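Here's the structure, in structure tokens; my notes come after.
The values are calculated or read from the model by the stated rules, or taken from the named source; none is laboratory data. Since the model is a prediction, treat every value here as computed from it, not as a measurement. Every residue, glycine as well, gets a Cβ built from its backbone with ideal geometry; the counts of neighbours run over all protein chains shown. The accessibility values were calculated without ligands, DNA or RNA, using every heavy atom of the protein model including side chains. Shrake-Rupley method; radii C 1.70, N 1.55, O 1.52, S 1.80 Å.
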Amino acid sequence: MQIIVKNIAKDYGKRLNAVHAIKDISLEVNKGEFLGIMGPSGAGKSTLLNMISTNERPDHGQIIIDNIDMTQLHDRELAKYRRNKMGFIYQSFELLDSLNVKENIILPLALNHANKKFIEARVKHLNYLLNIEELSNRNVEDLSLGQRQLVSAARALINNPEILFADEPTGSLDSKSATVLLNYMQVINRRENATILMATHDAFTASYCSRVIFIKDGTIFSEIVNSGKREDFFEQIINMQRTIGGGNYFNVSQDN
Amino acid sequence: MYLKIIKKSLTNMRDSYLIYILSCSFAIGLFSILLSLINNKIMKHDVSMWRTSLMPIVFSLSVVFAVSTFVYMAYVGGFFIKQQEHEFLTFQKLGMSKFTIIVLGFFQTLIIQVIAWVVGIIEALIFQKFFGMLLLYLMHIRSNFTAYLRPTSLTTLLQIAGYAILVFSIMNAFRTYRIVRTKKVKARKINFWMRIPAGTLGIVLFVSALAVVISMFASFENLGYDGYGDKIVLQVIYIFFAFFFGTYLIYFGFLPVLLTILQKTKRISYSGLNMFSFKYLKNRMKRNTSVLWFVTELSTLALMLLTVCYFGYQLMYDNYHAEYPFALTANSDTANDVRDIINDSKTQVKKEYHSNIKITLVSTLDTSGHILVQRPASFMSYSEYMRLPGKIRQNNPEINPKQFMRIGFGNDETFGFSDRKVEWNVKNAKKITTRKNGSSFPYGGGMYAGSLMIVPDKYYHKLPTKTTDTFYGWYFKHGDRLSKKQVKDLDRLRHAYMISVNAKSSLNESNFTIKKYSSMNRSQNDYIQSGFVRQESAKQHLNQIVGFFIFMIAIFSIALLIALGSVLTLRILLRDDHEWRQLKTLKKIGVSNHEIRGIVRSENALTFIIPLVFALMQSYALIILADNGWNSLRYEFMWIFASYVVLYGIIGIITYLISWRSVKRRINQ
Ligand SMILES: Nc1ncnc2c1ncn2[C@@H]1O[C@H](COP(=O)(O)OP(=O)(O)O)[C@@H](O)[C@H]1O
Ligand SMILES: [Mg+2]
């Protein structure tokens, strides 16, 4: 078991108008699993991912990754751990406006003081794969949302993370780009045995996963496992979505 | 709703506002204290000079202070509005009317200003007494200072406060208006390629100015007194110009280019956070170019001011000591009369002392250094000199029994020429070349018709002369209690005699005669020999003036330092949303707090060290204006500079701590 989440809870805000973003969630993820997290907007998907990826600390509970209790680590160790083992695709991209596209992509490798040649090779490979070669010297500010999402995906993938966290990675992409990205994620998941945790509210995106959990109001509502055939899995997901909330969770919202 | 928005922006920028309020209230407090000093009864009553000469100075200084404070408050107050540009624009997008946003800007400023003024006036009320007492202490006046802010002063102050608050708020409302008005002039983007020639020119200007300074130092050391020629004036103008604009161009061109080159060098930038931090620092630097430049030049000014003031103080002090040994003196003709006069005084004589001297003719170079002039000079033997009270000797260099020492007018010692070579041809005696120079005359400068030479005993005994004299001096207990009549009588005895030189082509054939003093038939070749009346009041005045100036200079330099420091601090603390987001993003992609702290640290270092280094370089060079023998004051300059650096460093470190604290708070949110 690579990731064990034990009874975590998280509130935002002060006592009176507190939001219980996560009430009580326990979860186990195997190494090499491609886990989907679904639920309507505001269900707590992003919060859950942020906590597992140690961006935020839970108010209660434990998060154990590779037998290390992340809630006990100090800031510097956490940063090191994240930098070496994790990749992030954020819902709001989190690109640095002052750097250009290429610099944004290679930042994680530069942070690890990687070799210059290696950096160039990696960035070339990813640019080719995600078809963003022309963007290399552009400013982040001038990109479309979809392009930004691809750039942030490239950045997340550049150091071959063992665990990839993807928060609505296809939210802003056209179906072709989305398919390219999802296929690539599936490739690294299968070939390099990378663990992927992906939050999405889109059934098609979720159908790439090997397992999908549904959360609602900060708790796990149910879970479906991919039996092998994507079309069947897609059907199951759609059905589950209907069960949960009457269908209006298809609203794409850009809230956090 | 509006209150909530104002409250939110106040809490968001609370550190920055706190600093602004503190420095504003400090300035306001000082201003109030200056105002209260002007009308202070004690000062008017106890300090005779106050009404005539010092009060106008305080008055004009407070005007200067008020103007600078105004500029500071207005300028820095604008930072906060600029900070919220993004927020205001969002409000506008959300449909808030322009007018409402302007009102928001207005009231936000109003609140801050009211707080600053209230704190400032309270500060003034509390510290008034302290500052007054400090001033009196520095002026050597033993009198109890009573805090006294007259109702009229207070109402004036409150009026000023009212107007200032209104003016600043309106100014910021106007700034807000400029942000939200529909038609926006887009800021020009400066071409990178323009920065390269500009930076190069800046370096050329700066380095050439430094070179000119160094060459001037070198030439001054050889020139000695020869003074300021046209060439030097031109050089000085050039130095000013080149430093002033060179610094700006370096900030504008060279430093960003340097950071760009570093950032483009893959070997450096591809490692760690450098890629980000160079760009980040460059952007911050570009945005703050004028502020940094402004601070640099003002720091230079402050340093120069401090040094010049110190220099002036030393000059005055030395001159004063050279001229006024604070003793009553007489020569052998007048000694008995003087003794009679002071004997029936209530003044107790603490000590009477006397020395024998010889007078003969010498020929020396005049101050221009080109013409030999013949004139009388006095000689005192080494052992006679050593018998003098130590207090008289303490301002002169020390000598051994074999050395000669010239004691002369001018400020040789002050200007660092205590080791200058002086040659005297002495009539019918061995020529003297000396390297010791003093400026404190025993018995006062007036007693010597010309200069005094302290010579070894052997030389003294061999010296052929027909004229000798004995000088007498008295020290009193408890200062000077001479009556008016006594002073008048003494004044009559002041001028003892005249020495009239009859110069021939050869020194050994020239001679002189001694005549009774008369102010009527005095020719160019006559040298007056006069005794001296101790002037206690002169000493008092000196103490008062010196104390007063120390007080004022201290206040001004502290105020300047606080102002400059707070400008830098605020520039560092105030990051706009965009910059905040970037730091937060770094955190999210796995950069540790430690590394972000490194960025904050280098930003701090850059912002504080650059202006300081440039200011030090410039002011060190410009010191030459105040000095033409730089060796002597080097030590004192080092002290002034060092204390400046330390104070700056402290502000820098505090800024760093605050800055890091607020960054940490934000990125961990
Ligand atoms: N930083 C925050 N401060 C306050 N409330 C937050 C914050 N982040 C998320 N929330 C709240 O927590 C809940 C869950 O948010 P989130 O995890 O972003 O939902 P999802 O990603 O599923 O749309 C929402 O109600 C949201 O408003
Ligand atoms: Mg979300």
Sort out which residues of segment B:1-30 are surrounded by 23 or more Cβ atoms within 10 Å (Cβ to Cβ) and among the aromatic types (Phe, Trp, Tyr), and write them in order of number. B:Tyr20
Filter result for A:Ile63 (more than 9 Å from every other protein chain (Cβ to nearest Cβ), surrounded by fewer than 24 Cβ atoms within 10 Å (Cβ to Cβ) and touching a residue at least 24 places away in the same chain (Cβ under 8 Å)): yes
Pick out the one residue from A:Glu33, A:Glu56, A:Glu77, A:Glu28 that is away from ligand 1 (no atom under 13 Å from the Cβ) and within 14 Å of chain B (Cβ to nearest Cβ). A:Glu77
When you go through A:Gly13, A:Gly42 one by one, which is the residue that is within 16 Å of ligand 1 (Cβ to nearest atom), open to solvent by 40 Å² or more (accessible area, probe 1.4 Å) and within 14 Å of chain B (Cβ to nearest Cβ)? A:Gly13
Residue ranges of strands (runs of 3 or more DSSP E) in segment A:1-76 with at least 2 members within 13 Å of ligand 2 (Cβ to nearest atom): A:19-29, A:34-38
For segment A:162-189, which residues satisfy the criterion of being more than 16 Å from ligand 1 (Cβ to nearest atom), within 12 Å of the chain's Cα centre (by Cα) and within 14 Å of chain B (Cβ to nearest Cβ)? A:Ile163, A:Leu164
Could you please find all residues in segment A:80-108 being more than 8 Å from every other protein chain (Cβ to nearest Cβ) and either open to solvent by 10 Å² or more (accessible area, probe 1.4 Å) or touching a Gly at 6+ places or on another chain (Cβ under 6 Å) (or both)? A:Tyr81, A:Asn84, A:Lys85, A:Gln91, A:Ser92, A:Phe93, A:Asn100, A:Lys102
Considering residues of segment B:584-598 that are surrounded by fewer than 21 Cβ atoms within 10 Å (Cβ to Cβ) and in contact (Cβ under 8 Å) with a residue 24 or more places away in the chain only, the residue nearest to the other protein chains (Cβ to nearest Cβ): B:Asn593
Picking from A:Glu120, A:Glu133, A:Glu192, the residue that is acidic (Asp, Glu) and in contact (Cβ under 8 Å) with a residue 12 or more places away in the chain would be A:Glu192
Taking the stated definitions as given, is B:Ser290 under 39 Å from the mean Cα position of the chain (by Cα) and modelled with pLDDT of 75 or more? yes
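Okay, residues lined up against (1) crowded, with 17+ Cβ neighbours inside 10 Å; (2) at pLDDT 75 or above; (3) under 41 Å from the mean Cα position of the chain (by Cα); (4) assigned to a strand (DSSP E or B):
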residue: B:Ser518; (1), (2), (3), (4): no, no, no, no
residue: B:Gln524; (1), (2), (3), (4): no, no, yes, no
residue: B:Ala538; (1), (2), (3), (4): no, no, yes, no
residue: B:Ile550; (1), (2), (3), (4): yes, yes, yes, no
residue: B:Val567; (1), (2), (3), (4): yes, yes, yes, no
Here are some conditions: (1) over 24 Å from B:Tyr280 (Cα atoms); (2) modelled with pLDDT under 85. A:Asp75 meets all but one. Which one does it not meet? (1)
Top-ranked residue in segment B:456-476 [being assigned to a helix (DSSP H, G or I) and open to solvent by 60 Å² or more (accessible area, probe 1.4 Å); ranked as farthest from B:Leu507 (Cα to Cα)]: B:Lys458
Starting from segment A:155-184, take each residue that is under 20 Å from A:Pro108 (Cβ atoms) and list its partners that are more than 16 Å from ligand 1 (Cβ to nearest atom) and hydroxyl-bearing (Ser, Thr, Tyr), counting only C-beta distances under 7 angstrom and pairs at least six apart or across chains. A:Glu162/A:Thr195; A:Ile163/A:Thr195
Could you grab the pairs with beta carbons closer than 7 Å, sequence gap of 6+ or different chains, first residue in segment B:269-293 and more than 7 Å from chain A (Cβ to nearest Cβ) and under 12 Å from B:Arg571 (Cβ atoms), second one open to solvent by less than 40 Å² (accessible area, probe 1.4 Å) and among the acidic types (Asp, Glu)? B:Arg284/B:Glu603
Among (1) under 15 Å from A:Ser98 (Cβ atoms); (2) surrounded by 21 or more Cβ atoms within 10 Å (Cβ to Cβ); (3) in contact with a Pro (Cβ under 8 Å, 6 or more places away or on another chain), B:Ser299 falls short only on (1)
